[in-house]
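A.B. asks: Let me give you the structure first, and then I'll get to my questions.
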Amino acid sequence: MKKFLFIFILFFSLTLKAKQRIIITSPELAEIIYILDGSTHIVGITKECDYPPQIRNIDKVGNFSSLNYEKIIKLNPTLIFTSSLEQSQTATK
């Protein structure tokens, strides 16, 4: 897990140099990306992403298990972060 987190942080910090449009479907990832100063790049989150409070006003793209794919497409994201446990099928769509 530590190795994955290190790779994630390295990848994320490199991609923030360009203007990214990020959608996050996992509350844990929303918190991590916010802490890594990625809040200005987040354009969509799920209803469960409610921490930190500063991200609560970002457009919602559904809930954790039922995403609104039309809204996701309209937001034109460059990156979508999902949870590998329950959202593996979402990632392939």
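A.B. asks: Conditions: (1) of a type in the set (Gly, Ala, Ser); (2) touching an Asp or Glu at 6+ places or on another chain (Cβ under 9 Å); (3) modelled with pLDDT under 95. Gly44 meets all but one. Number of the miss?
C.D. replies: Looking at each condition in turn, Gly44 falls short on (3).
Results for (1) at pLDDT 80 or above; (2) loosely packed, with under 13 Cβ neighbours inside 10 Å; (3) in a loop (DSSP other than H, G, I, E, B); (4) not polar (S, T, N, Q), shown as yes or no for each residue.
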{"position": "Leu5", "(1), (2), (3), (4)": "no, yes, no, yes"}
{"position": "Leu14", "(1), (2), (3), (4)": "no, yes, no, yes"}
{"position": "Gln20", "(1), (2), (3), (4)": "yes, no, yes, no"}
{"position": "Ile23", "(1), (2), (3), (4)": "yes, no, no, yes"}
{"position": "Gln54", "(1), (2), (3), (4)": "yes, yes, no, no"}
{"position": "Ile72", "(1), (2), (3), (4)": "yes, no, no, yes"}
{"position": "Glu86", "(1), (2), (3), (4)": "no, yes, yes, yes"}
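The values are calculated or read from the model by the stated rules, or taken from the named source; none is laboratory data. Everything numeric in this text was worked out from a predicted model, so none of it was measured. Cβ coordinates were reconstructed from backbone atoms using ideal geometry, including for glycine residues, and neighbour counts include every protein chain displayed.
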